[in-house]
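*Asks:* Pasting in a structure now, in structure tokens, and then I'll have a few things to ask.
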Amino acid sequence: MSTEQPMAMRQIVVSSAEDIRVERVPWPDAPGEHEVLVRSRLVGICGSDTHACAGKHPFIALPYRPGHEVVGVVGAVGPGVSDLAEGDRVVLEPNLVCGKCRQCRDGRYNICRELAVFGCQSVGAMADAFVIPRDRLHRVPDGVSDELAALVEPLATPVHAVRRAGVGPGSRVAVLGAGPIGLLCLVAARAAGAEVVVVTDVLKNKLERAQRLGADAALDAAAPDLVDQASRALGDGADVVLDCVSGQSSMTQAIELVDKGGTVMVVGIAAGPTTIPLHLVQDREIAVIGSLMYVHDDVRRAIELLAGGAVAAEDLVTATFPLERAAEAFAASIAPDQLKVLVSVAGPG
Ligand SMILES: [Zn+2]
Ligand SMILES: [Zn+2]
């Protein structure tokens, strides 16, 4: 390591929505074999974080130390790491997997039986630095800014969902919910060749963003005739509905919107059990399937899309707060006028 390490570093601890603070913790140990020490630069606040701090995430226990949407700079590499060097910019792929279970062996490690997510079930990256195995990092191309790189992880989720739903050239797609994931589903569906993409939300500013990002129609999800409006815009039923809300009303709409033989993809984190009209699922051969995170190829594709200009950082990033003001960043991230909120880690060294 070229520079002397400080003894302590800053790390965010979330105990509740009202109790989010900066803690001083020991600087991480030097990276071990095949590990890398990364100095965080920008860390996004995810929908899963806002659910978690409200105590509403089914799989994140409080208190927790967040940060999984991170772009940073390699600070040091451990023995056996030869393809990354100090100063390289990297993004994190935060799924921590066993590598041995059937799902891992099949390449579907995003649903590893032992899955833990860095910054959800382990100490995260909303800190000055963290240590992670080399194989969880992806290099950021030079033309991609830090702000844009912070969108790699959020875009990888839609890339995976869109791929798994079979969206391709000519597909008619409806996206329910125009938060960051919904808007990036629009981007990913377009990139996959979708012919028509209709987006719904209850908030006007989000619909305007959807329109700017190229939605064929951006519709009020609360309109009583939403299904008629959406069907007209789609020219028919949807081949694929991506439900990024995963509530009762969005799921009811999804089943009404999807064409016979189509697919409803559950992308959003559901708060709990939801009623689905099973008689229609059976009678119309509707596939209702879920999508969780992503694998390497999806992350690589997300980087490629961002490097190719599929979306600009300012299309999604609405605010950036310094690490010391992480509590404000969390509060802002649930405000209706915000989309993606970032935390900037300007290190003490
Ligand atoms: Zn996330
Ligand atoms: Zn596994």
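The values are calculated or read from the model by the stated rules, or taken from the named source; none is laboratory data. Because the structure is predicted, anything quoted here is derived from the model rather than measured. For neighbour counting, all protein chains shown are included, and Cβ atoms are generated from backbone atoms with ideal geometry for every residue, glycine included.
*Asks:* For MET1, which of the numbered conditions (1) at pLDDT 95 or above; (2) of a type in the set (A, V, I, L, M); (3) not in a strand (DSSP E or B) fails to hold?
*Replies:* Tallying (1) at pLDDT 95 or above; (2) of a type in the set (A, V, I, L, M); (3) not in a strand (DSSP E or B), MET1 fails exactly one: (1).
*Asks:* Would you pick out the residues in region 146-177 that are β-branched (Val, Ile, Thr) and either touching a Phe, Trp or Tyr at 6+ places or on another chain (Cβ under 7 Å) or over 28 Å from SER249 (Cβ atoms) (or both)?
*Replies:* Scanning region 146-177 gives VAL152, THR157, VAL159.
*Asks:* Out of the residues in region 74-108 that are within 16 Å of ligand 1 (Cβ to nearest atom) and touching a His at 6+ places or on another chain (Cβ under 8 Å), which is farthest from PRO141 (Cα to Cα)?
*Replies:* Result: PRO94.
*Asks:* Turning to a different aspect of this structure: Which one is nearest to ligand 2 (Cβ to nearest atom) among residues in region 93-115 that are polar (S, T, N, Q) and in a helix (DSSP H, G or I)?
*Replies:* That would be GLN103.
*Asks:* Return the only residue of VAL73, VAL43, VAL90 being without any contact (Cβ under 8 Å) to a residue 40 or more places away in the chain and either farther than 20 Å from ALA149 by Cα or more than 16 Å from ligand 2 (Cβ to nearest atom) (or both).
*Replies:* Just a single option satisfies the conditions, and that option is VAL73.
*Asks:* Tell me which residues, restricted to region 257-271, are more than 21 Å from ASP228 (Cα to Cα) and free of Cβ contacts under 8 Å to residues at least 40 places away in the same chain.
*Replies:* Selection gives VAL266, ALA270.
*Asks:* Working only within region 210-247, note down all residues that are within 21 Å of ILE269 (Cβ to Cβ) and either of a type in the set (Ser, Thr, Tyr) or in a helix (DSSP H, G or I) (or both).
*Replies:* ALA210, SER246
*Asks:* Then there's this: For residues that are away from ligand 1 (no atom under 16 Å from the Cβ), in a loop (DSSP other than H, G, I, E, B), touching a residue at least 40 places away in the same chain (Cβ under 8 Å) and not aliphatic (A, V, I, L, M), tally how many sit in region 116-143.
*Replies:* Looking only at that region, the number is 3.
*Asks:* Residues in region 171-192: is at least one surrounded by fewer than 19 Cβ atoms within 10 Å (Cβ to Cβ) and farther than 15 Å from GLU69 by Cα?
*Replies:* no
*Asks:* While we're looking at this one, here's another question. Select from region 105-136 the residues that are crowded, with 21+ Cβ neighbours inside 10 Å and not aromatic (Phe, Trp, Tyr) and list them in ascending order.
*Replies:* Of everything in region 105-136, those that are crowded, with 21+ Cβ neighbours inside 10 Å and not aromatic (Phe, Trp, Tyr) turn out to be ASN110, GLY119, CYS120, GLY124, ALA125, MET126, ALA127, ASP128, ALA129, ILE132.
*Asks:* Any idea which residue in region 6-52 is nearest to ligand 1 (Cβ to nearest atom), counting only those that are loosely packed, with under 15 Cβ neighbours inside 10 Å and of a type in the set (Lys, Arg)?
*Replies:* ARG21
*Asks:* Something else: Restrict the check to region 39-48 and report whether at least one residue is in a strand (DSSP E or B), out of contact with any Cys (no Cβ under 7 Å at 6 or more places or on another chain) and of a type in the set (A, V, I, L, M, F, W, C).
*Replies:* yes
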